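Heads up, the thing below is written out as structure tokens.
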Amino acid sequence: MACARDIWEHPEIGEQEFYSSKRLADFLESHGFTLQHGVAGLPTSWVATFSNGEGPILGYLAEFDALPGLSQEAGSPVRKPLKEGQPGHGCGHDLLGTGSAFAALGVKEAMLLNKISGTVKVFGCPAEETLVGKVYMARAGVFDGVDIMLGWHPGSENAVTFASSLAMTSIKFRFHGKTAHAAGDPQDGRSALDAVELMDAGVNFMREHIIDEARVHYVITSGGGAPNVVPDRAEVWYYVRARRTEEQKPILEWVRQIAGAAAVMTRTTGEEELLSTCREVLLNDPLAQLLQENLQQVGPPVFDAQDWEFARKLSENFAKPDSVPLDTTITKLEIVPPDKWRWESGSTDDGDVSWIVPYGRITTACSAKGGTGHSWQVVTCAGSAVGFKGMLAASKVLAGAGIDLLTQPKLRQAAREDYIKKLEGKTYECGVPDSLPPPSLRKPAGAAK
């Protein structure tokens with residue numbers, strides 16, 4: 001608990017998780033894992049390894065990044081920022097990383113006690129919220145050679161996550177024009193902001209002609225400093241999503257063409273900066289079934305009267321509060337073929353991992369039902385007893401499934417065969433070119449080359 005609480009108390013946004021990353025790495029190192037830091041050129045990434053002779057390699061995914069502007073007191077059912085405007089764990093990654101580390105530690109102890117051969121690895125993955133960490137680690141081959149990967153995410157229910165996520169590209173478009181006095185000599189200016197606005201208008205007209213399941217959203221990050229100065233620089237940041245990578249790529253290319261056309265119309269010049277791009281998650285039937293069996297064996301988190309009272313008061317802030325605010329059931333697993341898959345509305349860089357190694361994941365009740373993600377309500381739960389109890393349940397499920405996989409070759413083989421089937425003859429290709437360093441290591445836009 002102390003590790004999760006400590007990370008919760010030191011929230012850091014993606015690629016800046018220096019305290020959180022070290023705290024979790026030190027915890028694993030103190031329990032006999034060997035650490036490799038800074039993998040894939042990411043300063044806050046690492047791989048923790050414990051080996052007990054030759055055998056299969058089992059991996060766990062760990063995260064620790066927080067979200068900006070969500071500072072909140074733990075265990076408070078009302079909005080009460082600790083430091084206004086500062087980050088908070090609005091996605092529960094303090095629990096996620098620590099829970100995966102706990103699971104790996106449990107597997108390690110079982111390996112020693114029962115003389116189980118093999119290796120268990122924990123992958124410290126930064127910047128999940130910006131879909132950077134695992135994508136750049138995948139590009140560098142960090143996950144190569146792992147036989148099975150397991151993961152989880154804090155939620156408000158207890159279930160195997162048998163739903164894919166949207167493939168997505170995170171990309172910025174910058175336009176460069178010419179300054180001039182907006183009233184005195186506007187004819188001499190070329191507005192970069194006009195280019196951004198025309199691009200956004202073009203994309204909005206494009207929406208009529210793309211598939212219903214696609215999502216395209218943007219924010220203008222730079223647009224000038226004063227109304228009476230024609231802005232010579234403007235920037236817009238886009239997320240382009242669709243269910244599958246092959247559906248998403250043509251939409252992204254259309255957005256790029258619109259950006260180019262906006263530059264022509266305004267007689268400005270344009271450039272783009274690709275931040276990251278991730279694939280949809282490939283679901284694995286045998287791993288889902290195995291995780292469901294372990295989830296049923298462990299059972300849901302057990303909450304006490306204080307937990308229930310906290311959850312009831314917290315749910316008063318929800319638009320649609322649930323009459324039973326904490327989940328103490330286990331959702332029935334329904335395995336369906338790929339053409340019947342359910343798709344989550346968001347994206348995750350777990351998708352790239354699932355294209356490299358068979359991958360299974362779960363969620364457990366770490367927050368009250370009826371709330372929204374990326375909110376202060378999640379932050380308050382992620383630092384409370386409710387969150388910690390959900391984390392421990394997840395750790396036990398992941399550890400149990402991991403031991404099963406290390407000791408039962410048929411389970412690993414079934415997962416591998418299903419993974420190959422789901423690939424449909426395709427191979428993984430990272431969408432980020434090798435020439436691009438992680439975003440935090442790039443020169444600021446406009447800096448001298």
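Just to be sure, is A242 touching a Gly at 6+ places or on another chain (Cβ under 9 Å) and closer than 25 Å to E208 by Cα? So A242 fails the test. The lone criterion from (1) touching a Lys or Arg at 6+ places or on another chain (Cβ under 8 Å); (2) over 30 Å from D339 (Cα atoms); (3) of a type in the set (A, V, I, L, M) left unmet by M168 is number (2).
Only one of the listed residues (G75, G53, G106, G97) is modelled with pLDDT of 95 or more, within 30 Å of A311 (Cβ to Cβ), in a loop (DSSP other than H, G, I, E, B) and in contact with a Gly (Cβ under 9 Å, 6 or more places away or on another chain). That residue is G75. Of all residues in the range 216-238, those being crowded, with 18+ Cβ neighbours inside 10 Å and within 19 Å of the chain's Cα centre (by Cα) number 3. The condition of being touching a strand residue (DSSP E or B) at 6+ places or on another chain (Cβ under 7 Å), over 30 Å from Q72 (Cβ atoms) and not in a loop (DSSP other than H, G, I, E, B) holds for only one of R416, R412, that being R412.
Scanning the range 244-254 for residues that are buried (at least 19 other Cβ atoms within 10 Å of the Cβ) and in contact with an Asp or Glu (Cβ under 8 Å, 6 or more places away or on another chain) gives a single hit, T245. Residue selection: E15 satisfies the criterion of being assigned to a loop (DSSP other than H, G, I, E, B), among the acidic types (D, E) and under 23 Å from Y136 (Cα atoms). Of the set (1) part of a loop (DSSP other than H, G, I, E, B); (2) under 23 Å from A394 (Cβ atoms); (3) in contact with a Phe, Trp or Tyr (Cβ under 7 Å, 6 or more places away or on another chain), all apply to L24 but (1).
When the test is whether a residue is in contact (Cβ under 8 Å) with a residue 12 or more places away in the chain and aliphatic (A, V, I, L, M), A214 passes it. When you look at R361, is it closer than 28 Å to S315 by Cβ, of a type in the set (D, E, K, R) and crowded, with 24+ Cβ neighbours inside 10 Å, yes or no? It is true that R361 is closer than 28 Å to S315 by Cβ, of a type in the set (D, E, K, R) and crowded, with 24+ Cβ neighbours inside 10 Å. Among the residues of the range 104-122, those identified as out of contact with any helix residue (DSSP H, G or I) (no Cβ under 7 Å at 6 or more places or on another chain) and of a type outside the set (A, V, I, L, M) are K108, E109, N114, K115, S117, T119, K121. In the range 119-140, the residues that are touching a residue at least 12 places away in the same chain (Cβ under 8 Å) and in the same structural domain as P43 (by TED's automatic domain parsing) form Cβ pairs under 6 Å with partners that are assigned to a helix (DSSP H, G or I) and of a type in the set (V, I, T), at six or more places apart or across chains, as follows: V120/V107; K134/V353. Count of the range 142-158 residues, restricted to those that are of a type in the set (A, V, I, L, M) and under 15 Å from P286 (Cα atoms), is 3.
The values are calculated or read from the model by the stated rules, or taken from the named source; none is laboratory data. Remember, predicted model here, so these are calculated numbers, not experimental data. Note that we place each Cβ from the backbone using ideal geometry, even for glycine, and neighbour counts take in every protein chain shown.
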